[in-house]
Amino acid sequence: MTDHSDIDAVTGKSTTGHEWDGIKELNTPLPRWWVISFYLTIIWSIGYWIVYPAWPLISSNTTGVFGYSSRADVAVELGNLEKIRGDKMMALGAASLADIEKDPALLALARAKGKTVFGDNCAPCHGSGGAGAKGYPNLNDDDWLWGGSLDQIMQTIQYGVRSGHAKTHEGQMLAFGKDGVLKGDEIVTVANYVRSLAGLPTRKGFDAAKGEKIFAENCVACHGDGGKGNRELGAPDLTDKIWLYGSDEASLIETISQGRAGVMPAWEGRLDPATIKAMAVYVHSLGGGK
Amino acid sequence: MNKTVNPKDLTSDDDYGPLYAARKKVYPQSVSGTFRRIKWGLMAFCLGVYYFLPFVRWNRGLGAPNQAVLIDLPNSRFYFFFIELWPQEVYYFTGLLIVAAVALFLMNSIGGRIWCGYLCPQTVWTDLFYAVERLIEGDRRERMKKDKSSDPMKLERISEIVLKHSIWLLIAWWTGGAWVLYFNDAPTLVKELVTFQAPMIAYVWIGILTATTYLLAGYMREQVCTYMCPWPRIQAALTDEWALNVTYRYDRGEKRTSVKKAAELRALGEQVGDCVDCYQCVAVCPTGIDIRNGPQMECIQCGLCIDACDNVMTKIGRPKRLIGYDNDINIQRRQEGKAPVYRIVRARTIVYSAIIAAIGGFMIYTLATRSLLDVNVLHDRNPVAVKLSDGSIRNAYTVRLLNKSGYDRVIAIDAHGPANATVHVIGVDSVTPDRPMIVIPRDSTSELRLLVTAPADSNQEKSIPVRFHVTDIGLGEVATATDNFVSP
């Protein structure tokens, strides 16, 4: 039992009898209203257990008496959001790609929408600003394997590259070394020839005539005369300064012997048409396309 | 059980006793006179401005708000008559706050806490609430009697209390209502408020302001000034011996005697004071102090005690201003037989006025000469530079153009940086090569994506400064922004 007979002189209240270094603790019980509120919250919490989903079970949880679900709430809110954005996204869906770029309001909307969707879906491969990486094209430059016009960009986003979609872009760099079409020294020769096409320095004593011959027999079909590339096949221009897999001799030898076949997923079915349109406009605006 | 002992029963050693004293309710008596008239006038002016300013119209052209003073939060604009401020210009408010602070210092060095006594919202609304109370419950004595009455639950008394609180709440509610009108078109909002179609936030703010006005002006009153407000403490440090404070001229007032005795003593040629100890100055004081005890922290310098004392002095045929705006120096001087001196112009007031003039002048100057066209440039970070297929280098920028004027503008963008660089804005076909032109609608911002491309041979340096010129084609006004052109 605490001793309540000790009265504090300043306040006139009794103390609990506890004392530390001459400082005594006043006996100040919790106010009644506070205690009552506390008990009410306990009663309230019991009601809460019953009304709302609360208790985890082994494979599910109690669902509460009204079947409330926060997931359903979120779905409703998302629905409302879609409704609010409906008109603007509808306008985006209805306008042609070229018209979107000409209309400042639609362009701003497409860029804003495209940027967020790009961040969610494309940035893992292409980088947050579309800067790309080895094997993943930089979307800010003017070199487009499958074409850089608005329509071509949209087509690539929609159907992907080697994605398995019926309308996907097909075409691949064959593995000339692995498949035994070209021998080791031939690969080195043609790699140096390709470097000479791009104006890059070549290995000492490299036989340009032999390289041209190997190139004409094996590579021209896709990369075209003089290595100018072919967008129908996604065959890159070998004369420019942009190299998806690297322009040094070792990288080229690897490319020629092992082949390349990067994959871009098809986004049709995963994103709605208006969003794909917004993304095409956004990507086109990164570097202005081509 | 918690046993409570009445502190009075304890030994009355100075170290003991309650640390807290309960508030003694103040019953200010009505008074008439010069300072009371000034207070009425200022109250009418302040409340008039506060309640009716939102309804003042100002023509800014079609499509723009026509409310003279409007804080348009959704569109991030602040309108004050002919001035329109954008969010990035909030430093004008900083300047305004500095001017306001120094103006308080200036007021203080001239007339003490005249802000507290005449202009402070707490004073103005408390005064108004007292006026209502006085009108319904009667003057000081009646109110004291009614509060003390052992039978307070008479119907008459209840109806009085209900009426008083209803009017108080009505004023408080109107105060909150006027507040929200500064944030939206006033006539529209009034219509929405009465038809219950106004946004929830409007009702919430009205509720908050109603509650604070009712509590602060109806209940807390002088306690706000004494306990909550830091200004009494600050002003004590700001005041000097020349500041005019409401002062009891004890040199003239002491010794206090009754009217009759004073007359007798004067007839005998003896020296007596003018103060007749009538306690009128205490009765009218809204903070419940006795000014004759000298300068006190609780005194808000409202001058009502001056009026009360003057009335008494007139009645007993003595000169006015036994209590008046004065300072200690003059009391000293009078006692020494010298004439009082009043100095409003002194180093302190000159410095304060100079600061106000300097900051105010600078603000007016910058406001008058501020650019209505502005440009901000942000360099792309990922990637910072792009190599194109022909070896040339391209940098991309996000350009934000601000047209703060009331008309649409055609502007052209030039970039001066790397040699032979070309400029392209996404979505804009340049009519003039390398000089994209676009229209920025009035009172708005436009965000553009701008590409600067430099040929391969012109980029020896890793980073070259680039200057963007934005030119209004019609008016020739130019805004510039600088950034860097980076090579990989």
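The values are calculated or read from the model by the stated rules, or taken from the named source; none is laboratory data. If you're wondering where the values come from, they're calculated on a predicted model, not measured in any experiment. Neighbour counts run over all protein chains shown; Cβ positions are idealised from the backbone, glycine included. Accessible surface is based on the protein model in full, side chains and every heavy atom, while ligands, DNA and RNA are left aside. Shrake-Rupley method; radii C 1.70, N 1.55, O 1.52, S 1.80 Å.
So, for region B:382-485, what is the accessible surface per residue at a probe of 1.4 Å, expressed in square angstrom?
Numbers: 4570 Å² over 104 residues.
Spelled out: the 1.4 Å probe surface of region B:382-485, per residue, equals 44 Å².
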Computed over chain B, the ratio Rg/Rh where both radii use C-alpha atoms and Rh is Kirkwood
1.15
Ordered by number, the trypsin sites (Lys or Arg not before Pro) in region B:441-488 that occupy a DSSP loop and have at most 14 other Cβ atoms within 10 Å are B:Lys462
In Å³ per residue, the alpha-carbon convex hull of region A:185-275 encloses 117
Which Cα, out of B:Val341, B:Gly417, B:Ser392, lies furthest along the positive dipole direction of chain B (beta carbon charges, K/R +1, D/E -1)?
B:Val341
Relative to the longest principal axis of chain B, what angle (0 to 90°, nearest 10) does the C-alpha long axis of helix B:34-52 take?
30
Listed residues B:Ser487, A:Ser149 arranged by accessible area, highest first, probe 1.4 Å:
A:Ser149, B:Ser487
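With N residues in the protein assembly as shown, what two-decimal value do you get for its Cα radius of gyration over 2.2 N^0.38 Å? Can you show the working numbers first?
Working: Rg = 41.5 Å, N = 778, 2.2 N^0.38 = 27.6 Å.
Against the empirical 2.2 N^0.38 Å value, I get 1.50 for the protein assembly as shown.
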How much accessible surface area, in Å² rounded to 10, belongs to the heavy atoms of B:Thr398 with a 1.4 Å probe?
30
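Averaged over peptide A:127-134, how many Cβ atoms belonging to another chain are found within 10 Å of each residue's Cβ? Mind showing how you got there, number by number?
Numbers: counts 2, 2, 7, 4, 7, 2, 0, 0.
Across A:127-134, the average partner-chain Cβ count within 10 Å equals 3.
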What distance in nm separates the simple spin-label points at A:Lys83 and B:Ile344, each placed 7 Å from Cα in the Cβ direction?
6.5
Diffing region A:146-156: the Karplus 3J(HN,Hα) column from phi (6.51, -1.76, 1.60, θ = phi - 60°), in whole Hz with x for Gly and Pro, holds 10, x, x, 6, 3, 5, 5, 4, 4, 4, 4
Which order do you get for A:Glu217, B:Glu192 if you rank them by accessible area with a 1.4 Å probe, largest at the top?
A:Glu217, B:Glu192
Within region B:242-330, which GluC sites (Glu not before Pro) sit in a loop by DSSP and count at most 11 neighbouring Cβ atoms inside 10 Å?
B:Glu270
Placing +1 at every Lys and Arg Cβ and -1 at every Asp and Glu Cβ, with all other atoms neutral, what dipole size does the protein assembly as shown have around its Cα centre, in debye to the nearest 20?
3060
With θ set to phi - 60° and the Karplus curve 6.51 cos²θ - 1.76 cosθ + 1.60, what are the ³J(HN,Hα) couplings of region B:97-112 in order, to the nearest whole Hz, using x for Gly and Pro?
5, 5, 4, 4, 5, 5, 4, 4, 4, 4, 4, 5, 6, 8, x, x
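Restricting attention to region A:48-78, which chymotrypsin sites (Phe, Trp or Tyr not before Pro) occupy a DSSP loop and are surrounded by at most 10 other Cβ atoms within 10 Å? Can you show the working numbers first?
Details: sites: A:Tyr48, A:Trp49, A:Phe66, A:Tyr68; in loops: A:Phe66, A:Tyr68.
Here the chymotrypsin sites (Phe, Trp or Tyr not before Pro) that fit, given the DSSP loop and packing criteria, are A:Phe66.
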Residues of region B:410-432 with accessible area at least 10 Å² lower in the all-protein-chain context than alone (1.4 Å probe)?
B:Ile426, B:Gly427, B:Asp429
Rounded to whole angstrom, the alpha-carbon centroid of region A:74-128 lies from that of region B:470-488 at a distance of 30
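Which value, in debye to the nearest 20, gives the size of the charge dipole of region A:1-158 about its Cα centre, when Lys and Arg are +1 and Asp and Glu are -1 at the Cβ? Present the calculation step by step, with values, prior to reporting the outcome.
Numbers: 12 positive and 18 negative charges, 90 e Å.
My answer is approximately 440 debye.
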Would you work out which of B:Cys299, A:Gly47, A:Tyr282 lies farthest towards the positive end of the dipole of the protein assembly as shown, given +1 charges on the beta-carbon of Lys and Arg and -1 on that of Asp and Glu, about the Cα centre?
B:Cys299
Flagged links, alpha-carbon separation over 29 Å, of A:Lys290/B:Lys404; A:Lys83/B:Lys404; A:Lys102/B:Lys387
A:Lys290/B:Lys404; A:Lys83/B:Lys404
Solvent-accessible area per residue, Å², over region A:66-224 with all protein chains present [probe radius 1.4 Å]:
56
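Quick one: order B:Met313, A:Met154, B:Met200 from most to least accessible surface, probe 1.4 Å. Present the calculation step by step, with values, prior to reporting the outcome.
Details: B:Met313 5, A:Met154 35, B:Met200 140 Å².
Most to least solvent-accessible, the answer reads B:Met200, A:Met154, B:Met313.
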What does the structure give for B:377-386 when I average, per residue, the other chain Cβ atoms found within 10 Å of the residue Cβ?
4
Rounded to the nearest 10 Å², the accessible area of A:His18 at probe 1.4 Å:
80
So, counting K/R as plus one and D/E as minus one, what does the shell of residues with Cβ under 14 Å around B:Gly288 add up to?
+4
Can you send over the carbon and sulfur percentage of the accessible area for the protein assembly as shown, probe radius 1.4 Å, protein chains only?
61
Buried accessible surface, B vs A, both sides, probe 1.4 Å, in Å² to 100, equals 2200
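Going by a ≥ b ≥ c, the root eigenvalues of the Cα gyration tensor, does region B:339-412 fall in the rounded group (a/c under 1.5), the prolate group (a/b larger than b/c) or the oblate group?
Details: a/c = 7.68, a/b = 3.08, b/c = 2.49.
Taking the square roots of the gyration eigenvalues as a ≥ b ≥ c, region B:339-412 is prolate.
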Can you pull the accessible area of B:Lys320 for me, 1.4 Å probe, Å² to the nearest 10?
120
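Quantify how strongly other chains surround peptide A:52-65 by giving the mean number of their Cβ atoms within 10 Å of each of its Cβ atoms.
0
I'd like to compare B:51-60, B:177-186, B:326-335: which one has the highest average count of other Cβ atoms within 10 Å, and what's the full order after that? Don't skip to the end; give the middle numbers.
Numbers: B:51-60: 14.4, B:177-186: 19.9, B:326-335: 16.2.
By packing density, highest mean first, the sequence is B:177-186, B:326-335, B:51-60.
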